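Enquirer: I have a structure here, written as structure tokens, and I will follow up with some questions on it.
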Amino acid sequence: MNNFPKHWKKFKFEDVLQYEQPAKYIVKSTEYSDEYEIPVLTAGKSFILGYTDEKDGIFTDIPVIIFDDFTTATKFVDFKFKVKSSAMKILKPSDNANIKFLFYLMQTIYHKSDTHKRYWISEYAKREILLPLLSEQNLIVSEIEKRFEVADKSLNLIEQSLQKAENLKQSILQKAFNGELIKDKNE
């Protein structure tokens, strides 16, 4: 924390993020369908497990961060939702914090989660962080998102190039096994 501007102030995550237990937002049925409207979330890799038609217990006070209490994985959520289980915390910012700033900050933190326990209250919330004023957080988030846009365009071009290369390889194999890759010397 030595390279930060002197005007950034020290906080703990628990000072700038309040958590809510998700119990009242847990789905009653796991019969999901893409035809339903409300996403059912997990903080894990799958994120959206499916969609439910349940009308009660929908979380609407967005945006929030959902925090997987066992793996410390995080997801930024800016749409209404329900959850699969209580193995997460729903995190909301205090007035002096930009939720996206905190989310992006969390993406830079490696937290060893090799024990099966709930990490938010026991460890993660107590982690010290440095924050600038809210106005500077807003500027930083804006700049991050501008640069992410450029990175996303680059990733898209790379993915298109990889797909073209894969198509070329398939074309070569097709020609090889259709007798079109090399000319028969007898023809």
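Enquirer: For segment 72-79, does any single residue satisfy the condition of being over 28 Å from Lys112 (Cα atoms) and either in the same structural domain as Trp120 (by TED's automatic domain parsing) or of a type in the set (Ser, Thr, Tyr) (or both)? Lay out the reasoning, then the answer.
Expert: The first filter runs over segment 72-79 and keeps only residues over 28 Å from Lys112 (Cα atoms), leaving 79.
With the extra rule that they be either in the same structural domain as Trp120 (by TED's automatic domain parsing) or of a type in the set (Ser, Thr, Tyr) (or both), the set shrinks to 79.
Within segment 72-79 (the criterion being over 28 Å from Lys112 (Cα atoms) and either in the same structural domain as Trp120 (by TED's automatic domain parsing) or of a type in the set (Ser, Thr, Tyr) (or both)), the answer is yes, since at least one residue qualifies.
Enquirer: All but one of (1) aliphatic (A, V, I, L, M); (2) assigned by TED's automatic domain parsing to the domain that holds Gln18; (3) farther than 12 Å from Leu17 by Cβ hold for Ile90; state the number of the condition that does not hold.
Expert: Among (1) aliphatic (A, V, I, L, M); (2) assigned by TED's automatic domain parsing to the domain that holds Gln18; (3) farther than 12 Å from Leu17 by Cβ, the lone unmet condition for Ile90 is (3).
Enquirer: Take the residues in segment 31-60 that are in contact (Cβ under 8 Å) with a residue 24 or more places away in the chain and assigned to a loop (DSSP other than H, G, I, E, B), then tell me which one is farthest from Lys82 (Cα to Cα).
Expert: The qualifying residue farthest from Lys82 (Cα to Cα) is Lys45.
Enquirer: As an exercise: evaluate Ile158 against (1) at pLDDT 95 or above; (2) of a type outside the set (Asp, Glu); (3) in a helix (DSSP H, G or I); (4) within 30 Å of Ile58 (Cβ to Cβ) and give the number of the one condition it does not meet.
Expert: The number of the failed condition is (4).
Enquirer: Quick one: in segment 80-102, which of the residues that are in contact with a Phe, Trp or Tyr (Cβ under 7 Å, 6 or more places away or on another chain) and in a loop (DSSP other than H, G, I, E, B) is farthest from Arg118 (Cα to Cα)?
Expert: Taking the candidates together, the pick is Lys80.
Enquirer: Still on this model: Restricting attention to segment 55-72, does a residue exist that is surrounded by 16 or more Cβ atoms within 10 Å (Cβ to Cβ) and charged (D, E, K, R)?
Expert: Yes: segment 55-72 contains one or more residues that are surrounded by 16 or more Cβ atoms within 10 Å (Cβ to Cβ) and charged (D, E, K, R).
Enquirer: Output the number of residues of segment 114-138 satisfying the condition of being of a type in the set (Val, Ile, Thr) and surrounded by fewer than 12 Cβ atoms within 10 Å (Cβ to Cβ).
Expert: Qualifying residue count for the region: 1.
Enquirer: Let me ask you something else. Out of the residues in segment 74-105 that are out of contact with any Lys or Arg (no Cβ under 7 Å at 6 or more places or on another chain) and of a type in the set (Phe, Trp, Tyr), which is surrounded by the most Cβ atoms within 10 Å (Cβ to Cβ)?
Expert: Phe81
Enquirer: How many of the residues in segment 161-185 are charged (D, E, K, R) and part of a helix (DSSP H, G or I)? Please lay out each step first, then the result.
Expert: Of the residues in segment 161-185, the ones charged (D, E, K, R) are 164, 166, 169, 175, 180, 183-185.
Okay, now just the ones that are also part of a helix (DSSP H, G or I), so 164, 166, 169, 175.
So the count comes out to 4.
Enquirer: Any residue that is modelled with pLDDT under 95, within 19 Å of Tyr19 (Cβ to Cβ) and β-branched (Val, Ile, Thr) - is there at least one of those in segment 51-62?
Expert: No - not one qualifying residue is present in segment 51-62.
The values are calculated or read from the model by the stated rules, or taken from the named source; none is laboratory data. Computed from a predicted structure; not experimentally measured. FYI the Cβ positions are ideal-geometry reconstructions off the backbone, even for glycines, and counts take in every protein chain you see.
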